[in-house]
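S.K.: This is the structure I want to talk about, given as structure tokens.
The values are calculated or read from the model by the stated rules, or taken from the named source; none is laboratory data. All values derive from a computational prediction rather than experimental measurement. FYI the Cβ positions are ideal-geometry reconstructions off the backbone, even for glycines, and counts take in every protein chain you see.
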Amino acid sequence: MPESRAGPVIFAAGILMPVSSPPLQDGAVLVRAGRIAAVGDLADVGRENPDVEVRFFPNYTMIPGAVNAHAHLGFRRKDAPEGGTFSGWLGRLIERLPEKEAWTAQAARDCAREAIEAGTTYMAESSPYGECLPQLADSGMAGTVYAEFFAHEIGTPEEAVEFIVAKARELGEDLPERVDARVSVHSPYTVDPESSRLAARRTREMGWTLAIHLSESPEEVEFVRDGTGGLADIFGTNEWGGAGISPVRYAQGIELLAPETIAAHLATGVSEDDIEVLAQTGVAVAHCPRSNDFLGCGVSPVPAMIASGIRVGMGTDGLWSSPSMNLFEETLFAVKLHGMSGAAGLELATLGGARSLGIEAETGTLDVGKWADLALVETSPEDGDTALGVLEAAAGGGVAATVVGGNVIYNRLGR
């Protein structure tokens with residue numbers, strides 16, 4: 001169980017990396033009522049708050065907690081379907097859904113714990129009808145569960161949208177602070193155009209964000225463009241394929257793309273024209289490169305997206321398509337894939353995710369007024385750690401403590 005925030009505390013480390021400003025040697029954050037009340041040199045913060053407990057970790061680097069912009073908690077490493085083609089993998093996943101029901105809840109608990117032990121403080125989780133909300137809510141992380149719906153299972157488009165909105169509202173009752181439930185239009189090949197359009201309109205009217213999977217695989221591109229391929233009948237007969245355009249253009253046409261929308265993957269066939277559409281509509285992106293690689297989906301043009309002003313965050317996806325729930329490990333993969341700097345990678349994993357989810361005013365950096373969401377990473381300050389070194393350490397299991405809203409929800413240091 002997390003340590004409760006009974007009173008003010010000063011967390012300090014050999015290096016403090018706020019992300020929004022340059023690193024500080026022997027830096028500290030003062031936490032009051034779960035939020036950051038001061039940031040600066042440990043000597044200064046301590047002198048100005050002499051009666052506040054100081055928890056100093058000289059051989060560690062303090063960074064903002066990871067913000068996972070797209071994850072699936074309800075999977076386990078055991079008996080994962082083989083990679084290869086996306087439609088083949090998805091077909092095998094669907095075959096195992098009946099047996100999966102028996103262990104989904106435990107998998108979600110285990111995955112949440114793994115994410116926490118890797119420094120994750122906020123998670124955007126997507127699961128069918130929000131089935132993994134209880135495990136996220138109990139984990140100590142902050143986050144949003146996006147309740148995925150599949151229109152063919154419910155009825156008319158109007159009935160489907162009313163059902164999923166009501167479900168999200170029901171899920172959102174009596175939740176811990178900073179945990180909520182929203183809606184996910186699962187994908188262009190599982191939700192028909194009218195249901196998608198109505199869901200987008202309805203959630204925007206309510207001021208909600210909306211999650212989707214978009215342009216994830218070659219089979220999705222083929223289905224949307226030609227109405228053929230391995231996804232054309234993955235959930236029965238999907239008669240709305242064959243639009244003759246890219247998934248991004250298709251999503252724009254059915255009103256899915258807006259600043260409130262977080263589109264996951266965007267790995268296959270994303271053209272310069274598509275990037276322009278994404279930028280113009282203000283949609284945010286969750287980048288899941290290891291899942292894309294495992295399923296043969298291609299490489300998302302993330303540098304070009306960022307250059308176009310698109311908000312990009314990192315996501316782990318789930319354990320049946322990705323090797324871990326460690327967002328820093330996911331980010332290090334992206335850094336190497338795209339030739340990014342360590343500083344760019346650290347920003348993607350923290351502030352980038354917060355921006356993509358529209359919560360950058362609340363988390364993603366270590367700044368006064370934001371929630372005290374942070375991770376302590378075992379490093380060697382005397383060796384002059386760089387952002388890349390910290391990212392590598394966090395990716396390699398070096399997270400020693402995770403703090404969410406001032407609550408210590410993971411601590412292997414015993415102090």
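S.K.: Of the conditions (1) within 29 Å of A395 (Cα to Cα); (2) not in a helix (DSSP H, G or I), A137 fails just one. Which one is it?
M.R.: Only one criterion in (1) within 29 Å of A395 (Cα to Cα); (2) not in a helix (DSSP H, G or I) is unmet by A137, namely (2).
S.K.: At least 2 residues that are touching an Asp or Glu at 6+ places or on another chain (Cβ under 8 Å), more than 16 Å from S21 (Cα to Cα) and at pLDDT 95 or above in each: list the strands (runs of 3 or more DSSP E) lying fully within the range 304-415 that qualify.
M.R.: Passing ranges, in order: 399-404, 407-411.
S.K.: Being part of a helix (DSSP H, G or I) and crowded, with 24+ Cβ neighbours inside 10 Å is the filter here, so list the residues in the range 125-134 that pass it.
M.R.: Within the range 125-134, L133 is the sole residue that qualifies.
S.K.: I've got another one for you. Quick check, is P259 surrounded by fewer than 24 Cβ atoms within 10 Å (Cβ to Cβ) and in contact with a helix residue (DSSP H, G or I) (Cβ under 9 Å, 6 or more places away or on another chain)?
M.R.: Criteria met by P259.
S.K.: Can you spot a residue in the range 185-198 that is within 20 Å of the chain's Cα centre (by Cα), without any contact (Cβ under 8 Å) to a residue 60 or more places away in the chain, assigned to a helix (DSSP H, G or I) and at negative phi?
M.R.: There is no residue in the range 185-198 that is within 20 Å of the chain's Cα centre (by Cα), without any contact (Cβ under 8 Å) to a residue 60 or more places away in the chain, assigned to a helix (DSSP H, G or I) and at negative phi.
S.K.: Taking Y250 as meeting all but one of (1) buried (at least 19 other Cβ atoms within 10 Å of the Cβ); (2) out of contact with any Lys or Arg (no Cβ under 9 Å at 6 or more places or on another chain); (3) modelled with pLDDT of 95 or more; (4) closer than 24 Å to S87 by Cβ, write down the number of the exception.
M.R.: (2)
S.K.: Can I ask one more? Restricting the first residue to the range 312-337 and requiring it to be over 16 Å from V67 (Cβ atoms) and assigned by TED's automatic domain parsing to the domain that holds T144, which pairs with a second residue that is among the charged types (D, E, K, R) and in a loop (DSSP other than H, G, I, E, B) meet a Cβ separation below 7 Å and a spacing of at least six or different chains?
M.R.: L319/R76; L319/R77
S.K.: Considering only strands (runs of 3 or more DSSP E) fully contained in the range 26-124, which possess at least 2 residues that are in the same structural domain as L376 (by TED's automatic domain parsing), over 19 Å from the mean Cα position of the chain (by Cα) and not acidic (D, E)?
M.R.: Output list reads 35-41, 53-64.
S.K.: Residues of the range 279-291 being under 21 Å from E347 (Cα atoms) and either assigned to a helix (DSSP H, G or I) or among the β-branched types (V, I, T) (or both), which ones?
M.R.: Correct list: A279, V283, V285, P289, R290, S291.
Conditions tested, residue by residue: (1) touching a His at 6+ places or on another chain (Cβ under 9 Å); (2) buried (at least 24 other Cβ atoms within 10 Å of the Cβ); (3) part of a loop (DSSP other than H, G, I, E, B); (4) of a type in the set (A, V, I, L, M, F, W, C).
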| site | (1), (2), (3), (4) |
| --- | --- |
| E159 | no, no, no, no |
| A168 | no, yes, no, yes |
| R202 | no, no, no, no |
| G230 | no, no, yes, no |
| G236 | yes, no, yes, no |
